[in-house]
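Following: one structure in structure tokens, then a few remarks.
Throughout, read-outs are computed from the coordinates displayed, never taken from laboratory work. Source: prediction; values computed, not measured. Cβ placement follows ideal geometry from the backbone for every residue including glycine, while neighbour counts extend to all protein chains displayed.
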Amino acid sequence: METDVELRDVTKKFETVTAVDDVSFEVRKGEFFSLLGPSGCGKTTTLRMIAGFEEPTVGEIYVAGQPMRGVPAFKRPTNLVFQSLALFPHLDVFGNIAFALRIKKLPEAEIRKRVGDTLAVVELVGLERRKIRQLSGGQQQRVAIARALVNEPKVLLLDEPLGPLDLKLRIEMQKQLKRIQHEVKTTFIYVTHDQNEAMMMSDTIAVMNYGRIEQIGTPEEIYENPLTSFVARFVGQSNMIEGEYSDGFVVAQGLNIMVPVQQQLKSEVTLFVKSEKIAIARRLEQLDNIFETEVNEVRYNGPYTEYRVVLNRFFLNIVTPNLKGKEIFKVSDKVLVGWNKEDCIVMSKD
Ligand SMILES: Nc1ncnc2c1ncn2[C@@H]1O[C@H](COP(=O)(O)OP(=O)(O)OP(=O)(O)O)[C@@H](O)[C@H]1O
Ligand SMILES: [Mg+2]
């Protein structure tokens, strides 16, 4: 597959702050690529460098094979959708989307055609004459995307565009964005601090922390096989247990936990087990690790129940689907909890 965007050893310093620290990645043509990481990790700065609003202090950015150094934002084949959306409140929907085409002095007939086609893609046909303040959050967000798409950029850059929306609308817009991307086949680089959002939409996720890339992979790779303790902590909901490794076991607070045999481990390790990989029941068999315990907290939330149980001196969080006929336990119920060694991720303590 053709590479559409490439960052090679890119660093960005603002005086004393290193916002982006030696970052390299490639985005393929037509890919939905996400930058995922906590606040301040350098996502926006990375996006702004690709868009041409900042130049790297060190390193090179290529878009469609061309080096971008010195190329101003408006001459790049990219378009950025800002977190704030930055729509023009005095223009209607049509005026907002047509704005850039009018600046380019395209013939009015072509403007009408392109705005009309884009309105269809974002499903806003019929709202052309509405003012921005007469739109819902999700509709405004689609106007912002339409305004970028109408320029037919090679690469669409989106900086947390769903930020202000409530959860239900966010999920709806995630589906819409994915559909739009499928339809227009444009390369998307999407910035978010929300791991669910990144997983729902992306072909590839780059996890960032302190200006660096921690891991790049498919959503499943990032979720199931985190390579650093940061990724293990940041993605999914994991239990963290500190202990000593030897010979396929981690000993922690008097418990012996069977884990995969690993050669390179130091003796001091952190073990991660995702909450949904742990079974909880009155009776359990055929799991590598089974412990007797007592329910300490119950949080029922419809499709799932979250439990907290005490094992010796630490707590385990367990998320379990409320399948038909399955018992929902109460505080103080005596239960067994268990999981397989393959569901343990063990890393040397850093
Ligand atoms: N113009 C600037 N001058 C000085 N420091 C900056 C500038 N822009 C960003 N920074 C710093 O660089 C770091 C990365 O900022 P950036 O905006 O890229 O983070 P982010 O991952 O987008 O965070 P958020 O999720 O909060 O939007 C932060 O420490 C920030 O304070
Ligand atoms: Mg940001």
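Some notes on this structure:
- Computed magnitude of the charge dipole of segment 204-350 (debye, nearest 20; Cβ of K, R +1, Cβ of D, E -1): 420 debye
- Scanning residues 5 or more positions from Phe88 or on other chains, none has an amide H under 5 Å from its amide H, with H placed 1.01 Å from N in the peptide plane.
- Overall form of segment 237-348 per C-alpha gyration tensor (a/c, 1.5; a/b vs b/c): prolate
- Packing-based ranking, highest mean first, of 28-37, 321-330, 192-201 given that Cβ atoms within 10 Å are counted: 28-37, 192-201, 321-330
- Taking each DSSP H run with n ≥ 4 as -39500 (n - 2.57) and averaging over every residue of the chain yields -7000 deg cm²/dmol at 222 nm.
- The count of lysine pairs in segment 3-230 whose Cα atoms are under 16 Å apart, excluding pairs fewer than 8 places apart on the same chain, comes to 13.
- Placing +1 on each Lys and Arg Cβ and -1 on each Asp and Glu Cβ, with no other charges, gives the chain a dipole about its Cα centre of roughly 1560 debye.
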